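Read the structure below first, then the notes.
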Amino acid sequence: MNAFLISMVLIFIFGVVVFCVGLKHRLIHGLNTHDLITIALFCSLLYVAGLPFKFGLSRVPFIHAFAYSIPFTAVLLIGIRIVPKMGTATLIIFGHSLLSQLISRGINPLWWPYALLAGFVLEMYFVITGSYLESRLNALFAGCLRGLVMYLYFYLVSAPYIWHIHYAPWYISIQTLQGVVGSGLGALIGFALSKPIIKAYRHGGI
């Protein structure tokens with residue numbers, strides 16, 4: 001309980017820091033209606049990307065993180081590449097989280113820190129690098145970072161508190177490694193697919 005509450009406070013502080021840094025560097029720009037529609041679309045696409053995992057791949061032992069991370073990261077990075085603005089990553093990830101909860105078991109605020117942390121980590125990464133996935137290497141590092149932070153937080157904080165399940169260190173290590181590798185692979189796939197999609201988006205919209 002204490003660890004979860006402390007993590008919530010730290011995530012909130014981290015989010016404030018990210019926002020302040022964005023203001024300082026003048027990186028925060030308003031999202032227009034077209035941007036918001038695109039972000040909403042990618043929230044839905046993230047849900048669709050996870051359907052194969054929910055309908056069967058989750059039952060295959062020891063590849064949960066790897067199987068889920070590839071399509072999720074690929075779709076996420078395409079969305080960020082199309083709307084390369086501060087706030088896009090957080091809105092897509094958090095929007096997907098809310099959509100998933102609405103469709104499944106209803107809204108559960110206990111999962112919000114997990115989704116917000118994923119967005120804040122990427123936002124800070126983009127601020128530090130000064131690039132919104134403009135190179136293959138930048139996309140690769142962003143994907144791996146997302147996988148590392150999110151799977152560690154899930155297995156060390158979210159799952160023990162929300163599900164009351166405590167995983168063995170060796171299992172956490174294996175799943176986190178798979179999450180990092182899968183997210184990195186998904187990032188490379190997303191970067192490659194985003195090029196023709198961006199061209200089509202800029203000429204005719206989505």
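Condition (residue is of a type outside the set (D, E, K, R), surrounded by 12 or more Cβ atoms within 10 Å (Cβ to Cβ), at pLDDT 90 or above and under 19 Å from the mean Cα position of the chain (by Cα)) applied to region 51-64: is it met by at least one residue?
no
Residue-wise test of (1) among the β-branched types (Val, Ile, Thr); (2) closer than 30 Å to TYR171 by Cβ.
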position: ILE11; (1), (2): yes, yes
position: VAL17; (1), (2): yes, no
position: VAL21; (1), (2): yes, no
position: GLY30; (1), (2): no, no
position: ALA40; (1), (2): no, no
position: PHE66; (1), (2): no, yes
position: GLY79; (1), (2): no, no
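Please work out which one of (1) out of contact with any Ser or Thr (no Cβ under 9 Å at 6 or more places or on another chain); (2) modelled with pLDDT of 95 or more is the condition VAL127 fails and give its number.
Of everything listed in (1) out of contact with any Ser or Thr (no Cβ under 9 Å at 6 or more places or on another chain); (2) modelled with pLDDT of 95 or more, VAL127 misses just condition (2).
Among the residues of region 126-141, how many are part of a helix (DSSP H, G or I) and touching a helix residue (DSSP H, G or I) at 6+ places or on another chain (Cβ under 8 Å)?
Looking only at that region, the number is 8.
For residues that are outside any helix (DSSP H, G or I) and either in contact with a helix residue (DSSP H, G or I) (Cβ under 9 Å, 6 or more places away or on another chain) or within 28 Å of TYR68 (Cα to Cα) (or both), tally how many sit in region 1-56.
8
How many residues are assigned to a helix (DSSP H, G or I) and surrounded by fewer than 16 Cβ atoms within 10 Å (Cβ to Cβ) if we restrict to region 101-125?
Within region 101-125, residues that are assigned to a helix (DSSP H, G or I) and surrounded by fewer than 16 Cβ atoms within 10 Å (Cβ to Cβ) number 4.
Does VAL83 meet the test of being without any contact (Cβ under 8 Å) to a residue 60 or more places away in the chain and either in contact with an Asp or Glu (Cβ under 6 Å, 6 or more places away or on another chain) or acidic (Asp, Glu) (or both)? I'd like the intermediate steps shown before the answer.
Numbers: without any contact (Cβ under 8 Å) to a residue 60 or more places away in the chain: yes; either in contact with an Asp or Glu (Cβ under 6 Å, 6 or more places away or on another chain) or acidic (Asp, Glu) (or both): yes.
Yes: the conditions hold for VAL83.
Output the residue which, of all residues in region 85-100 that are in contact with a Phe, Trp or Tyr (Cβ under 9 Å, 6 or more places away or on another chain) and of a type in the set (Val, Ile, Thr), is surrounded by the fewest Cβ atoms within 10 Å (Cβ to Cβ).
Going through the qualifying residues, I end up with THR90.
The values are calculated or read from the model by the stated rules, or taken from the named source; none is laboratory data. Just so it is clear, the model here is predicted, and its values are computed rather than measured. Here the Cβ is made from the backbone with ideal geometry for all residues, glycine too, and neighbour counts use every protein chain on show.
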